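Trainee: Dropping a structure here in structure tokens format, bear with me for questions.
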Amino acid sequence: MSILQEDYLSIRELQEEPQEYQEGFGWKAVIGGLFVGFLMVPGNMFLELMVGSHIGAAADWVTVIIFMEIAKRCRSKLTKQEIVILYMIAGGVLGSATGGYFKTFIWNQYFVRSEAAVNFGIGERIPIWVAAPPESEAYKIRSLLHRDWWPHIALIGIGIIWGRLNLYSLGYTFFRLTSDIERLPFPLVPIAAQGITALAESDKETWRWKCFSIGATIGIVFGAIYIGVPTLTAGILGKQLQIIKVPFYDFTRNLETILPAVPIKLPTNLGQVFIGFVLPFWMIMGSAIAGVIGQLVMNPILYRCGILVKWHPGMGFIETSIANNLDFWLSWGIGVALAVALIGFYEVIKTLWKARTQKKEYQHIYEPPKGRGDIPVPLSILFYIATTSWKIILCHMLVPKFPVWIMVVFGFLYTPLMSYISARMVGLTGHGVGFPYIDDAAYILSGYKGIDIWMAPMPMGNYGGQAASFRKTELTETRFTSLFKMQLYIIPLAFFCSLFFWSFIWRMGKIPSHLYPYAAIYWPMGAFQRAFWLTATTTGNEFFLSAIKFRVIGAGLTFGMVGYPIMRILGLPTLLLYGMIRGMATDPMDCIPEVLAAFTGRWYFAKRFGEQNWRRYTPILAAGFGCGMGLIGMVCVAVSLVSKAISSLPF
């Protein structure tokens with residue numbers, strides 16, 4: 001057994017492994033999808049345009065609770081398999097219909113005619129397969145079904161199919177590697193899984209339901225102050241009132257004379273406390289230690305040494321973080337991410353070698369559990385190869401002068417490698433990783449001239465997070481075939497709802513405009529930033545060349561590769577190293593709620609309730625908290641919609 005497995009074996013053992021698998025997709029799931037698509041989606045769209053927030057995960061829990069109450073009154077009951085599929089459908093429909101699909105049309109219709117696009121000379125150069133030309137009649141009649149949009153609609157459809165196939169090919173493959181072979185704990189997955197189990201047992205007085213109710217009560221009270229007051233005052237009074245600053249208090253400018261180039265904020269979301277209860281103790285300690293060393297200690301030193309050159313006094317938290325990232329932490333993150341990948345490959349190879357030499361002991365890792373609904377791994381890999389090859393051909397047809405070898409590297413090297421790194425980090429810490437600006441850098445360093453490459457359907461992505469989805473499905477004893485059926489249902493439903501409601505909202509009034517305050521303020525800023533990046537392949541690449549520092553990448557790689565064996569030699573928890581990788585480039589103040597929760601849980605609650613009991617309680621408390629926040633969010637959306645409808649009446 002590997003050192004990594006010894007570190008988190010207790011975490012994995014506390015997760016009750018499934019015994020029997022059942023189908024979860026049925027008519028209840030179909031009706032639940034319609035409920036989300038036609039009732040929650042328009043409210044979520046409106047909320048994004050008005051205040052810049054969205055319902056998010058709230059819709060998942062709210063949908064489940066409503067349907068459970070309906071089932072009780074019909075003298076029926078939802079199984080936990082039906083609940084988990086309903087939970088996923090709610091999130092899938094809301095996310096795709098609101099944040100994807102036809103939202104890109106609404107953004108493009110503004111961007112192509114925006115002041116920034118005109119000033120940078122971008123609007124006329126945007127290809128027709130991205131947006132209708134600025135003089136198109138589609139903008140006058142505000143229609144998403146005009147023929148000038150058809151090429152983009154076709155491209156969106158192709159992207160949807162390609163993305164879904166890769167989620168359930170590459171994502172499934174790395175689930176088998178990280179969960180079945182490496183036996184990673186996936187510490188945040190039980191939050192949803194245990195919450196779903198608690199809801200399924202809500203008709204009984206079980207410990208799960210009690211924990212869920214306590215968490216939900218805390219979420220409702222906190223959500224009323226944190227979300228309810230700002231949203232309702234903005235919608236009713238026209239001026240937002242915040243009792244607690246959302247989402248954080250920024251102290252960067254206040255402390256810049258003492259701590260130059262240090263982004264400092266105090267988070268105000270109570271949800272981070274519940275995350276601190278759930279995450280492994282040593283991973284949180286590693287994040288806190290690294291945050292202090294990396295940000296409070298190293299940043300001032302790097303600034304005085306002339307490495308952090310983009311920061312200057314007067315910058316806030318966001319500006320400081322971006323400046324420091326471009327000067328140093330972007331390259332450092334690439335290095336440590338490579339180290340994570342190499343360590344992961346070492347662990348997989350070692351485990352597979354043991355499986356080969358001790359077939360009886362490790363035979364289970366090759367054969368998935370019976371009845372789980374698995375597909376052959378070679379078939380999933382074949383799907384990925386076929387779809388990626390097809391997308392490379394399409395991308396080459398749209399931008400024939402761009403180097404094909406870069407598309408091949410993105411499709412067959414970067415995407416699998418990045419997905420595996422992310423899947424391992426999700427399995428270890430609950431959070432994935434990514435390489436920022438990697439595609440932007442490739443476009444610029446390639447020497448290609450033209451803005452069409454920035455809009456082309458490049459065959460790249462990160463599907464590591466899907467491993468957690470498969471693990472959640474497994475823990476609720478749901479067959480994987482339910483996931484495949486669910487996607488076949490979500491795609492057409494979300495596509496129709498996105499088209500219908502975005503068209504309806506756009507026909508109601510110009511977007512952005514005074515009707516939607518958040519969009520009116522922030523969309524012009526986003527258009528300027530977008531236009532600025534697009535000009536990088538027309539005016540030069542000095543900006544990106546200055547951000548990628550190979551010496552810093554080497555230092556990050558060395559840190560990860562040297563730290564791993566040192567942890568083993570000293571007998572320290574390996575999760576301490578992964579926590580340091582997670583926290584080195586983050587604000588140390590951000591770890592305060594997690595650290596306080598970790599200490600309180602370890603030395604108070606664990607002693608009062610018993611360590612194993614407390615470890616079982618925490619995921620359910622966190623799930624209940626999310627549900628309570630979601631209920632408040634839905635109330636805010638309903639009141640905001642009613643308020644807007646009343647204010648627009650002519651009497």
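Trainee: Can you give the local net charge around ILE307? Use residues other than it whose beta-carbon is closer than 15 angstrom to its beta-carbon, Lys and Arg +1, Asp and Glu -1. Walk me through the numbers on the way to the answer.
Mentor: Details: positive: ARG304, LYS310, LYS549, ARG551; negative: ASP327.
Cβ neighbours under 15 Å give a net charge of +3.
Trainee: For TYR518 and ILE70, compute 0.36 nm times the residue count separating them, minus their Cα-Cα distance, and round to one decimal in nm.
Mentor: Details: separation 448, 0.36 × 448 = 161.28 nm, distance 3.60 nm.
Between TYR518 and ILE70, full extension yields an extra 157.7 nm.
Trainee: Separate question: Compute the semi-axes of the equivalent ellipsoid of the stretch 247-325, taking the square root of 5 times each eigenvalue of the Cα gyration tensor, and list them largest first in whole Å. Write out the running numbers ahead of the final one.
Mentor: On the way: eigenvalues 128, 49, 16 Å².
Semi-axes from the Cα gyration tensor: 25, 16, 9 Å.
Trainee: Greater than 31 Å separation of Cα atoms is the criterion. Which listed pairs, LYS370/LYS607; LYS245/LYS310; LYS103/LYS245; LYS103/LYS485; LYS72/LYS485; LYS391/LYS510, meet it?
Mentor: Values: LYS370/LYS607 39 Å; LYS245/LYS310 28 Å; LYS103/LYS245 29 Å; LYS103/LYS485 25 Å; LYS72/LYS485 26 Å; LYS391/LYS510 35 Å.
Long pairs (Cα-Cα over 31 Å): LYS370/LYS607; LYS391/LYS510.
Trainee: With a 10 Å radius around each residue's Cβ, average the other Cβ atoms per peptide and rank 84-92, 589-597, highest first.
Mentor: Details: 84-92: 26.3, 589-597: 20.1.
With the highest mean Cβ count within 10 Å placed first, the list reads 84-92, 589-597.
Trainee: Quick one: net charge around PRO376, please, counting Lys, Arg +1 and Asp, Glu -1 for every other residue with C-beta under 14 Å from its C-beta.
Mentor: Numbers: positive: ARG176, ARG372; negative: ASP180, GLU367, ASP374.
Net local charge, PRO376 excluded: -1.
Trainee: Separation of the stretch 89-132 and the stretch 278-346 by C-alpha centroid, Å?
Mentor: 32
Trainee: While we're here: Report the FRET efficiency, 1/(1 + (r/R0)^6), for LEU382 and ASP439, where r is their Cβ-Cβ distance and R0 is 45 Å, rounded to 0.05. Write down the numbers at each step before the final one.
Mentor: On the way: r = 26 Å, r/R0 = 0.57.
The calculated FRET efficiency here is 0.95.
Trainee: Moving on. Can you tell me which of 440-448, 262-270 comes out highest on packing, and rank the rest after it, using the mean Cβ neighbours within 10 Å? Each step should come with its number before you reach the end.
Mentor: Numbers: 440-448: 17.2, 262-270: 19.7.
The densest-packed peptide leads the list: 262-270, 440-448.
Trainee: While we're on this one: Between GLU115 and ILE244, what is 0.36 nm times their sequence separation minus the Cα-Cα distance? Round to one decimal in nm. Don't skip to the answer; put the middle values down first.
Mentor: Working: separation 129, 0.36 × 129 = 46.44 nm, distance 3.54 nm.
The GLU115-ILE244 span can extend by a further 42.9 nm.
Trainee: With a sphere of radius 13 Å drawn around the Cβ of ALA138, what net charge do the other residues whose Cβ falls strictly inside it have (Lys, Arg +1; Asp, Glu -1)?
Mentor: Values: positive: ARG113, LYS140, ARG142, ARG147, ARG507; negative: GLU135, GLU137, ASP148.
Neighbour charge sum, excluding ALA138 itself: +2.
Trainee: Right, something else. Rank by packing, highest mean first: peptides 20-32, 411-423, 602-614, with packing defined as the count of other Cβ atoms within 10 Å averaged across residues. Show your work: numbers first, answer last.
Mentor: On the way: 20-32: 17.8, 411-423: 21.5, 602-614: 13.3.
Ranking, from highest mean packing down: 411-423, 20-32, 602-614.
Trainee: Once amide H atoms are placed 1.01 Å from N in the peptide plane, what residues at a sequence separation of 5 or more from THR478, or on another chain, have their amide H within under 5 Å of its amide H?
Mentor: Here GLN22 satisfy the definition.
Trainee: Set the Förster radius R0 to 25 Å, insert the Cβ-Cβ distance between HIS312 and PHE550 as r into 1/(1 + (r/R0)^6), and round the FRET efficiency to 0.05. Before the final figure, lay out each step's value.
Mentor: Working: r = 26 Å, r/R0 = 1.03.
Using R0 = 25 Å, I get an efficiency of 0.45.
Trainee: Could you derive backbone 3J(HN,Hα) for the stretch 172-182 from the dihedral phi with the Karplus parameters 6.51, -1.76 and 1.60 (θ = phi - 60°), listing whole Hz in sequence and x where the residue is Gly or Pro?
Mentor: 5, 4, 6, 5, 4, 5, 7, 9, 6, 8, 7
Trainee: Sticking with this structure for a sec: Return an integer: the convex hull volume of the alpha-carbon atoms of the stretch 68-133, in Å³ per residue. Intermediate results must be reported in sequence, preceding the final value.
Mentor: On the way: hull volume 7.7 nm³, N = 66.
Cα convex hull per residue, to the nearest whole number: 116 Å³.
Every number in this text was worked out from the coordinates using simple rules, so none of it is lab data. Remember, it's a predicted structure, so these values are computed and weren't measured experimentally. Using ideal geometry, Cβ is built from the backbone for each residue, glycine included, and neighbour counts are taken over all protein chains shown.
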